[in-house]
Amino acid sequence: MNAVAVNNTAYIGLGSNLGDREQYLQKALQRLDEHRLIQIVRFSSIYETEPVGYEEQGAFLNMAAMLRTGLEPRLLLEELLRVESSLGRVRQIRYGPRTIDLDLLMFEDAVMDTGSLTLPHPRMHERAFVLVPLMEIVEEEFPGFSLITEWAVSAQGKEGVKLWKQTNWQPGSGHFAN
């Protein structure tokens, strides 16, 4: 465990639909876990999902991860964007194809809207590709758990969310195992 306090809980969503999709998910988790103020605590299975918004693109692989962090929400978002950039993320088409997409979904019980960051994520309640993996890992004592559960039930069967692969990647190991 890191010597620096990493006691804030945050949940992120991950997605990829370009190149080796699974590899991009793995690399994003690895890079986040290597940060001295971020610890990957758990993560969901990987789901294959139909695109939402811009539909003229390939299917996505999506998952969610629970982090403990010593970073404040804006700094965590900056780190997520840095990891995206390091993995070749290019923003050309809104909701378009991407090597990796990292969304800060929730951070403790933070409610904020700064223009660059809105917490909880403003559209997660509409997105089965976020809610299904999130329900695998969210802790019952996390603020908003009952609301997330309600949203997940209402999202079941939407957006073609299908289990693609169960994972057992170990933080710090640098790889996923089957």
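Evaluated against (1) within 14 Å of the chain's Cα centre (by Cα); (2) assigned to a loop (DSSP other than H, G, I, E, B); (3) of a type in the set (Asp, Glu), Glu22 falls short on exactly one condition, (2).
Taking the condition modelled with pLDDT of 75 or more and surrounded by fewer than 15 Cβ atoms within 10 Å (Cβ to Cβ), does Pro73 pass? So Pro73 fails the test. Within the range 79-99, one or more residues are surrounded by fewer than 17 Cβ atoms within 10 Å (Cβ to Cβ), among the charged types (D, E, K, R) and at pLDDT 90 or above. When you scan the range 44-56, how many residues do you find that are open to solvent by 30 Å² or more (accessible area, probe 1.4 Å) and either over 18 Å from the mean Cα position of the chain (by Cα) or at pLDDT below 85 (or both)? Within the range 44-56, residues that are open to solvent by 30 Å² or more (accessible area, probe 1.4 Å) and either over 18 Å from the mean Cα position of the chain (by Cα) or at pLDDT below 85 (or both) number 6. Taking the condition hydrophobic (A, V, I, L, M, F, W, C), within 29 Å of Glu140 (Cβ to Cβ), open to solvent by less than 50 Å² (accessible area, probe 1.4 Å) and under 10 Å from the mean Cα position of the chain (by Cα), does Leu37 pass? So Leu37 does not fit the description; no. Only one entry of Val41, Val132 meets the criterion of being modelled with pLDDT of 85 or more and in a helix (DSSP H, G or I), and that entry is Val132.
The values are calculated or read from the model by the stated rules, or taken from the named source; none is laboratory data. No experiment lies behind these values; they were computed from the predicted model shown. Virtual Cβ from ideal backbone geometry, glycine too; neighbours counted across all protein chains shown. Heads up: the accessible areas ignore ligands, DNA and RNA and are worked out on the full protein's heavy atoms, side chains in. Shrake-Rupley method; radii C 1.70, N 1.55, O 1.52, S 1.80 Å.
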